[in-house]
Amino acid sequence: MTALPSRDAIVAAAQESIARGSKSFAAASRLFDKPTRERAWLLYAWCRACDDIADGQDHGHGMTVVDDAPERLARLSAMTEAALAGEIVGEPAFDALRIVAAETRMPHRFARDLIAGFALDAREWRPRSEDDLYKYCYHVAGVVGCMMAVVMGVDPDDEDTLDRACDLGMAFQLANIARDIEEDDRVGRCYVPEDWLVEMDFPPGQHMKPPFRSRLAVLTKRMAARGAAFEASARQGTPALSFRSAWAVLSAAGIYGAIGREVAARGEHAWDHRVTTSGWQKLVFIATAAREAAQREKLYPRTPRDPELWTRPR
């Protein structure tokens, strides 16, 4: 009988996954204490695997057009449900979810909400309104913020802190959408709300054409501004976290916030080269975040969340 992979082996596979899939998250995760760090890797590995299966890519790279999206969705949904039920799946990334769900009070609805985001892509959905955009961002990233908060020890009943964690995921996804407009267009996707495109008088399907880049730049600046508002709200949740968790969160906020700001600053040239942060820049953000985490009670006093911000579903 073949021995089942140990927890250590699954953690090692998860660590390799985050190293290949996201240098930004990998750098920030190093700031957690060991138990939190390992659980963050386990959660990342499951999220990454779901994304790769849904989009026909390898650790977030080489997204392709898939012709069997419903079958892919059914597969990842079935493995996710097995993991949540505590069953041994036999796929390291899904056994990673089994472990992290068992070791925390992770609400199962969060995992299902993420799968619902992949279902939107499987049926080639696109946002018509700004509210639709936020709903999509929640299902593919905001809910991951909620899950990460639980990994960091936040009580699943602490709705206010979970809202702030969701806000950070929302900020990350808005930065990703702004940065990846050209990549998404190549596989027939567009997450810029149709209402925004109509407002700027884009001919249907022409938003990436050179004559319209200046108009698109106006919309990416708008998206970056929306992301900055979510990021600011998320920072106000950090006093609820331990120092090391707050340090990691603030580091990630700095790194991803910089991506959104750089996309906006480049204007119509934002998609000439993929926007990234260098290793040196990451170190600067991590050092800055250490000071911010140490002073988080003073810098980010708990005030009521802005009622104008979109709020996740309960």
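The values are calculated or read from the model by the stated rules, or taken from the named source; none is laboratory data. Everything numeric here is computed off the predicted structure, so don't read it as measured data. Neighbour counts run over all protein chains shown; Cβ positions are idealised from the backbone, glycine included. SASA here: full protein model, heavy atoms, side chains in, ligands and nucleic acids out. Shrake-Rupley method; radii C 1.70, N 1.55, O 1.52, S 1.80 Å.
Just a few scattered comments:
- Only one of the numbered conditions (1) within 25 Å of GLU231 (Cα to Cα); (2) part of a helix (DSSP H, G or I); (3) free of Cβ contacts under 8 Å to residues at least 40 places away in the same chain is violated by PRO211, and that is (1).
Residue-by-condition table, conditions (1) among the hydroxyl-bearing types (Ser, Thr, Tyr); (2) open to solvent by less than 10 Å² (accessible area, probe 1.4 Å); (3) within 15 Å of GLU268 (Cα to Cα); (4) at pLDDT 95 or above:
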{"position": "MET147", "(1), (2), (3), (4)": "no, yes, no, yes"}
{"position": "GLU159", "(1), (2), (3), (4)": "no, no, no, yes"}
{"position": "ALA165", "(1), (2), (3), (4)": "no, no, no, yes"}
{"position": "GLU182", "(1), (2), (3), (4)": "no, no, yes, no"}
{"position": "ASP185", "(1), (2), (3), (4)": "no, no, no, no"}
{"position": "PRO204", "(1), (2), (3), (4)": "no, no, no, no"}
{"position": "PHE212", "(1), (2), (3), (4)": "no, no, yes, no"}
{"position": "LEU219", "(1), (2), (3), (4)": "no, yes, yes, yes"}
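- Residues located in region 193-203, provided they are of a type outside the set (D, E, K, R) and in contact (Cβ under 8 Å) with a residue 60 or more places away in the chain: PRO193, TRP196
A quick yes/no check of all residues on (1) surrounded by 15 or more Cβ atoms within 10 Å (Cβ to Cβ); (2) in contact with a helix residue (DSSP H, G or I) (Cβ under 7 Å, 6 or more places away or on another chain); (3) modelled with pLDDT of 95 or more:
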position: LEU4; (1), (2), (3): no, no, no
position: LYS23; (1), (2), (3): yes, no, no
position: ALA74; (1), (2), (3): no, no, no
position: ASP95; (1), (2), (3): yes, yes, yes
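- Selection status of ALA13, at pLDDT 90 or above, open to solvent by 20 Å² or more (accessible area, probe 1.4 Å) and among the aliphatic types (A, V, I, L, M): yes
- Test result for SER251, of a type outside the set (D, E, K, R) and either touching a Gly at 6+ places or on another chain (Cβ under 8 Å) or open to solvent by 60 Å² or more (accessible area, probe 1.4 Å) (or both): no
- Residues in region 48-59 that are surrounded by fewer than 23 Cβ atoms within 10 Å (Cβ to Cβ) and either of a type outside the set (D, E, K, R) or at pLDDT below 85 (or both): ILE53, ALA54, ASP55, GLY56, GLN57, ASP58, HIS59.
- Candidate set: region 254-295, residues that are farther than 20 Å from SER29 by Cβ and open to solvent by less than 50 Å² (accessible area, probe 1.4 Å); chosen: the one nearest to the chain's Cα centre (by Cα): GLY260
- Screening ALA171, ALA101, ALA178 for residues that are in a helix (DSSP H, G or I), surrounded by 23 or more Cβ atoms within 10 Å (Cβ to Cβ) and over 15 Å from the mean Cα position of the chain (by Cα) leaves exactly one candidate, ALA101.
- The one condition from (1) within 22 Å of GLN236 (Cα to Cα); (2) touching a residue at least 40 places away in the same chain (Cβ under 8 Å); (3) not β-branched (Val, Ile, Thr) that GLY169 does not meet is (2).
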